[in-house]
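This report concerns only the one structure given below.
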Amino acid sequence: MCNRFRATYNRHDIEEQFQAWDEIENVPRFNVAPTQPILTVIGDSGKRIATEMRWGLIPSWASTVSSGNFLARSESVTSTPSYRNLIRKNRCLIPADAFYEWQKIDGISQPFAFEVGDRELFAFAGLWDEWNSPSGIVQSCAILTTEPNSLLAEMHDRMPVIIRRVDYKQWLNPRTPLDQVLSLLKPYDSAAMSKYPVSTLLNNSQNESPAAAELIELQVPAQGSLF
């Protein structure tokens, strides 16, 4: 789940919502996929920066590069070797304005977009690490997941953790007590979210045009007469 998301914000949006200095020229992206570079926000209040990381976390102790884990289960984050230290000190926010989930309909994998509010910018809870590769340091990250809210439950048994704007400081601050950090890893309010079907062009991660994320009307099969 949540192996794709949309990121169509601009530099001003990042600086305004996250109070993060953003020197990256943000090009609208409609079909973000694992192993691609994504924007993250790190640092405490007043010292935040927006920086690109690889989506797919490579632990600092890894001997070789791999595809990396792009998702991390919040329930086991304090016991999993790759994450148990990161949840205490290497937390990040990952900006997005939609994520996608799939449902089988008449044998077709139909993607749906999930949004917060009216196409609002929001942030996934993320963990990040640095890996010293032969060619230099690689920063990478993973998105934390939790049990689904009622809007997601019919499609999947997991959903990404979305951090509320009022909790950004608490999430990013490395001095926040662990029990308070873990209390933020919960399903987002389904009443504040919406979903709609989008084009099956999205099924191919190479399709990155706006058309891949466009709202479509699902075709309802015609009902035959019983008589």
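FYI, it's all coordinate maths here, none of it is from the lab. Here the structure is a predicted model, which is why all the values come from computation and not from measurement. No Cβ is skipped: glycine too gets one built from the backbone with ideal geometry, and neighbour counts run over all protein chains shown.
Of note:
- Descending principal axes extents, segment 77-151, alpha-carbon based, whole Å: 46, 28, 26
- Once backbone amide H atoms are built at 1.01 Å from N, Ala72 has Ile143, Leu144, Thr145 as its partners under 5 Å, excluding neighbours fewer than 5 places away on the same chain.
- Longest DSSP-loop-exposure-free segment, trypsin sites (Lys or Arg not before Pro), the chain, at most 14 other Cβ within 10 Å: 120-174
- Computed over segment 146-227, the quotient of the alpha carbon radius of gyration and 2.2 N^0.38 Å is 1.62.
- Straight-distance candidates among the lysines for linking to Lys89, with alpha-carbon spacing under 27 Å and chain neighbours fewer than 8 residues away dropped: Lys47, Lys169, Lys186.
- Put simply, segment 1-128 fits an ellipsoid with semi-axes of 23, 22, 13 Å; these come from the alpha carbon gyration tensor as the roots of five times its eigenvalues, largest first.
- Global dimensions of segment 24-68 from alpha-carbon coordinates: Rg and Dmax equal 12.9, 35 Å.
- Segment 1-43-segment 84-153 distance, computed between alpha-carbon centres (Å): 11 Å
- Taking each DSSP H run with n ≥ 4 as -39500 (n - 2.57) and averaging over every residue of the chain yields -2000 deg cm²/dmol at 222 nm.
- Annotation: amide H of Gln36 within the under-5 Å range of Trp55, sequence separation 5 or more or interchain, hydrogens built in the peptide plane.
- If R0 is 41 Å, the Cβ-Cβ spacing of Ser205 and Gln19 corresponds to a FRET efficiency of close to 0.80.
- Residues in segment 166-172 carry Karplus couplings, in order, of 5, 9, 4, 4, 4, 5, 7 Hz; the curve used is 6.51 cos²θ - 1.76 cosθ + 1.60 with θ = phi - 60°, and Gly or Pro positions show x.
- Between Glu130 and Leu218, the FRET efficiency from the beta-carbon distance, with R0 = 45 Å, is close to 0.55.
- Cα-based values for the chain, radius of gyration first and Dmax second, are 18.2, 72 Å.
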